[in-house]
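Step one of this worksheet: look at the structure below.
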Amino acid sequence: MLYGIEGKLNRVNIDKTIIENNNVYYEIFTRKKFYETYKEKEGEKVFIYLFKYKRENFDELYGFISEEEREFFITLIGISGIGPKKALEIIDANEIKLYKDSILRGDISPFEKVKGIGKKVAQKILIELAGKIDLKVDQNNFSDKDIFVGLKGLGFNDEEINSVYKKYSKEIERIDSFEEKFKYFLSKLSKI
């Protein structure tokens, strides 16, 4: 699997970048923020994080500024209905930290800002991401109320949340981390 490439930045556009490595020119799909970061570096040696996406008849390369972007992209394309182009649009629309914070709050609005993503798709993305990404929460500074607020933001009502809490309270109390507790609630609520 490809992880990254180092080479001469031959050309950078808003949606594509050409990088030369050992006299081979690679066309890499990138995003607007990538262009803004690298537009002054044409002709210079750079490192780009990569992901190789296999289509039926051909392969495509996608490039990223950071490892975090690359990992977030891979997670996004693992969600049914989100292809690589839409994943790039999502990453380009907001900072990844904003998406992680929105998951904790149950706030779908950052996802709805992306063209072509409505309320239902935004909720689906939020729910699926909540179970797949590291939210990096202060593990010593949260309460169950914080979790309830996030779950309500995802569309779950008090009755559903309290039902899960009562039914699985012993298991829930044993979980120390916010992220694991949030994921546990989601797994049980998705079965209701």
Measure nothing but the geometry: give the 0 to 90° angle between the long axis through the Cα atoms of 84-93 and the longest principal axis through the Cα atoms of the chain, rounded to 10°. 80
If packing is taken as the mean number of other Cβ atoms within 10 Å per residue, what is the order of 158-167, 97-106, highest first? 97-106, 158-167
Exceeding the 23 Å Cα-Cα cut-off - candidates Lys52/Lys113; Lys85/Lys124; Lys115/Lys191; Lys119/Lys191: Lys52/Lys113; Lys115/Lys191
Taking the chain as the reference, fit the longest principal axis to its C-alpha atoms, fit the long axis of helix 119-130 to the helix C-alpha atoms, and give the angle between the two in degrees, 0 to 90, nearest 10. 90
Show the residues, 5+ positions off or on another chain, whose built amide H is closer than 5 Å to the amide H of Lys113. none
Counting only residues 5 or more places away or on other chains, whose amide H sits under 5 Å from the amide H of Asn10 once H atoms are built in the peptide plane? Ile18, Ile19, Glu20, Gly43
Between Glu112 and Lys132, 0.36 nm times their residue separation minus their Cα-Cα distance comes to what? 5.2 nm
Taking the chain and dividing mean pair separation by its residue count, relative contact order in percent (alpha carbons under 8 Å, at least six apart): 14
What FRET efficiency comes out for Ser163 versus Lys183 if R0 is 22 angstrom and r is the Cβ-Cβ distance? Round to the nearest 0.05. 0.80
Taking the Cβ of Val121 as the centre, find all other residues whose Cβ is under 10 Å away and add up their charges (Lys, Arg: +1; Asp, Glu: -1). +3
The stretch 14-97: Rg to Rh, with Rh as the Kirkwood radius over Cα pairs: 0.96
DSSP-loop trypsin sites (Lys or Arg not before Pro) across the stretch 1-88, with at most 14 other Cβ within 10 angstrom: Arg55
11 Å beta-carbon shell around Glu60, net charge (K/R +1, D/E -1): +3
Portion, in percent, of the accessible area of the chain that falls on carbon or sulfur, probe 1.4 Å: 47
When only alpha-carbon atoms are used, what values of Rg and Dmax, in angstrom, describe the stretch 1-62? 11.2, 35
Kindly provide the GluC sites (Glu not before Pro) of the stretch 37-107 that DSSP labels as loop, not H, G, I, E or B, and whose Cβ sees at most 16 other Cβ atoms within 10 Å. Glu42, Glu44, Glu56, Glu95
Helix 96-105 axis, angle to the chain major axis (alpha carbon atoms, nearest 10°): 10
Compute the distance in nm between two label points, each set 7 Å from the Cα along the Cα-to-Cβ direction, one at Lys32 and one at Thr75. 2.3
Where nothing but the Cβ of Lys and Arg (+1) and of Asp and Glu (-1) is charged, how large is the charge dipole of the stretch 35-140 around its Cα centre, in debye to the nearest 20? 440
With unit charges on the beta carbons (Lys and Arg positive, Asp and Glu negative) and the dipole taken about the Cα centre of the chain, which residue among Val12, Tyr99, Ile82 sits farthest to the positive side? Ile82
Might you tell me the accessible area per residue for the chain, computed with a 1.4 Å probe and given in Å²? 56
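The values are calculated or read from the model by the stated rules, or taken from the named source; none is laboratory data. A quick note: this is a predicted structure, and the numbers were derived from the prediction, not measured. Ideal geometry is used to build each Cβ from the backbone, glycine not excepted, and the neighbour counts take in all protein chains shown. Please note that ligands, DNA and RNA were not included when accessible areas were found on the heavy atoms of the full protein model with its side chains. Shrake-Rupley method; radii C 1.70, N 1.55, O 1.52, S 1.80 Å.
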